[in-house]
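The values are calculated or read from the model by the stated rules, or taken from the named source; none is laboratory data. Computed from a predicted model, the values in this text were never measured in an experiment. All Cβ positions, even for glycine, are placed from backbone atoms using ideal geometry, and neighbour counts span all protein chains on display.
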Amino acid sequence: MSIPLPRPIAAYFEADRKEGAEAVARCFTDNATVKDEGHIYTGREAIRLWKAESSAKYSYTAEPVAIAQDDRRTVVTSHLVGDFPGSPVDLRYFFTLEDDDIAALEIVP
């Protein structure tokens, strides 16, 4: 199922699917934050390292299946399937956008 996503969010999922950690990091503002699995990553370099480490640890596919608004954030529910504990799982991605980039991302079950 394909759902319409705002350009910065679509770019994030596309980079995660095909292009790797460097491309994922370019989707964010210079001082962006990512909250994932109890950790906070601040800045593009920290985000690049987070994505590189998680991609090296697990293979997965993420398919956005729903989109909603939560105050200023865009919430994308994505179905993840891979070789990680608990697969498959639906995760919610809370994106805060700034112009045409991602300023903040929080990923929660």
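A few remarks follow.
- Selected residue [over 16 Å from residue 104 (Cβ atoms), under 14 Å from the mean Cα position of the chain (by Cα), modelled with pLDDT under 95 and polar (S, T, N, Q)] from 59, 54: 54
- Among residues of the stretch 59-78, those that are farther than 19 Å from residue 8 by Cα and surrounded by 13 or more Cβ atoms within 10 Å (Cβ to Cβ), counted: 1
- Residue pairs whose Cβ atoms lie under 9 Å apart, sitting 6 or more positions apart in sequence or on different chains, and linking a residue in the stretch 1-15 that is of a type outside the set (A, V, I, L, M) and surrounded by 14 or more Cβ atoms within 10 Å (Cβ to Cβ) to a partner that is part of a helix (DSSP H, G or I) and modelled with pLDDT of 95 or more, are 12/24; 14/23.
- Any hit, the stretch 22-32, residues being touching a Ser or Thr at 6+ places or on another chain (Cβ under 9 Å) and closer than 20 Å to residue 109 by Cα: no
- Subset of the stretch 1-37 (residues that are in a loop (DSSP other than H, G, I, E, B), among the small types (Gly, Ala, Ser) and either at pLDDT 95 or above or within 13 Å of the chain's Cα centre (by Cα) (or both)): 20
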